[in-house]
Every structure is written in structure tokens, then in C-alpha cells.
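Notes follow the structure.
The values are calculated or read from the model by the stated rules, or taken from the named source; none is laboratory data. For clarity, every value in this text was computed on a predicted model and none was experimentally measured. Because the Cβ atoms are built from the backbone with ideal geometry, glycine has one as well, and the counts that use them run over all protein chains shown. Note: areas computed on protein heavy atoms with side chains; ligands, DNA, RNA excluded. Shrake-Rupley method; radii C 1.70, N 1.55, O 1.52, S 1.80 Å.
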Amino acid sequence: DAGQLRIESIEMSLEETLAHALETVAERAAARGLQLRLEKSPDLPPACIGDPLRINQVLLNLLGNAAKFTEHGTITLRVRHEPASPAGDQAHDGWACFDVIDTGMGIGPELLPQLFAEFAQGDNGRKYGGTGLGLTLSRRLCHLLGGELRVQSQLGVGSTFTVRLPLVPHAELTAAAPLLHV
């Protein structure tokens, strides 16, 4: 409400953050007969610097939406490392990318441009409930963490929401590092 939010920059375990998000959504997914999968890139560090609370909030929203809008099939949380580009990502060790992939109903092309707008909901959103703020807040959190939130979707096939955040492994942290770390 006040437009203020404190972003932490602390040591965190990617494993614990991922496990917490998946455990929280597992019961809802199981009740709907959905498979919940984790795919993790082997080149991710076990510990890094970030804000586990905010990252968890984003992942819970995306996984919760996937469970809400998927009638049958699979929800996959894919976590991967994207190397830094030679042109400008030298302040960190690339990107941690979290893809939430579902085999749900998908989002029509007419809804994609307004998907991250406050209180925006399509017809299905009203049917399934919610405030229309989850994706807006998730995108804002990603921006505050120095990253972004994107979506790709095909109606009747499913959606992929991608969170891309700068990655600074714990071992590389220096006291002078000024940017937001994940």
C-alpha cells in the first residue's frame, strides 16, 4: 500500500527455496490430479545471495496459478543457469531462470498484452477467482530483484512463465557488491 518494500540480500539455499515452493503447492496439485515436477540444471550453485522470501512469493504465485488453471497434466518447475552475456552482465555470474511450465488451458493472444496489469482478469480468471494482482506483484518483485518476468502461452496447450534474476554465487560475494543479488 505504501509503495515501499525492503529487499533482502542474504545467503540463501536455492534447494530450500525450491523445496518450500513445491511442498506448498503439492497438495493442491495432487488434489487436482496434476503431476508436479522439478528439473534443475546441474551448474547452479547450491547457495547464493538473494531474497528467499520474495523469490518464494513469486514462485508460489506462479505455481499456484498453474495449479488453478490446469485441469489435467503436468506442472514443471525448471531451474536453469543462463550465462552472463559478454556485452553487459559482468556484474554478476549470469542469470538464474525459473520456468513454471503448465499443460493448462493457456492464455489467448488477446489477453497477453494486459496480463500483468493490475486487476486484469480474463473470463477464466473470474471463473477461478483471485484479485488480478498476483502477476502484477510478481513482475514488480522481479524488477526490484534486478530481473524480469515473461510469459509465453498458447491457448489450449499451456503456459510458461519465466523468472530471470541475476545470479551471484555465495562464494563470489564481496562486501563492495552493490547490486541486488539472487
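Some notes on this structure:
- Here Leu149, Leu137 are screened, and the one residue that is aliphatic (A, V, I, L, M) and modelled with pLDDT under 95 is Leu137.
- Contact map, region 137-165: residues that are farther than 16 Å from Cys97 by Cα paired with residues that are crowded, with 22+ Cβ neighbours inside 10 Å, Cβ distance under 7 Å, separation 6+ or inter-chain. Pairs shown: Ser153/Ser159; Gly158/Asp102; Gly158/Gly104.
- Of the strands (runs of 3 or more DSSP E) lying entirely inside region 1-87, those containing at least 2 residues that are polar (S, T, N, Q) span 73-82.
- Residue check: Thr70 meets all listed conditions (1) farther than 17 Å from Ser138 by Cβ; (2) β-branched (Val, Ile, Thr); (3) touching a Phe, Trp or Tyr at 6+ places or on another chain (Cβ under 6 Å) but one, namely (3).
- Each residue in region 60-114 was checked for being among the polar types (S, T, N, Q) and in contact (Cβ under 8 Å) with a residue 60 or more places away in the chain, and 3 of them qualify.
- Every condition in (1) in contact with a helix residue (DSSP H, G or I) (Cβ under 7 Å, 6 or more places away or on another chain); (2) modelled with pLDDT under 95; (3) open to solvent by less than 30 Å² (accessible area, probe 1.4 Å) holds for Lys68 except the one numbered (3).
- Taking the criterion of being without any contact (Cβ under 8 Å) to a residue 60 or more places away in the chain and more than 15 Å from the chain's Cα centre (by Cα), the only residue of region 45-59 that qualifies is Pro46.
- The condition of being open to solvent by less than 30 Å² (accessible area, probe 1.4 Å), at negative phi and out of contact with any Pro (no Cβ under 7 Å at 6 or more places or on another chain) holds for only one of Ile10, Ile75, that being Ile75.
- Given (1) in a loop (DSSP other than H, G, I, E, B); (2) surrounded by fewer than 18 Cβ atoms within 10 Å (Cβ to Cβ), number of the condition His92 does not satisfy: (2)
- Number of residues in region 13-43 that are surrounded by 12 or more Cβ atoms within 10 Å (Cβ to Cβ) and over 19 Å from Arg80 (Cα atoms): the value is 9.
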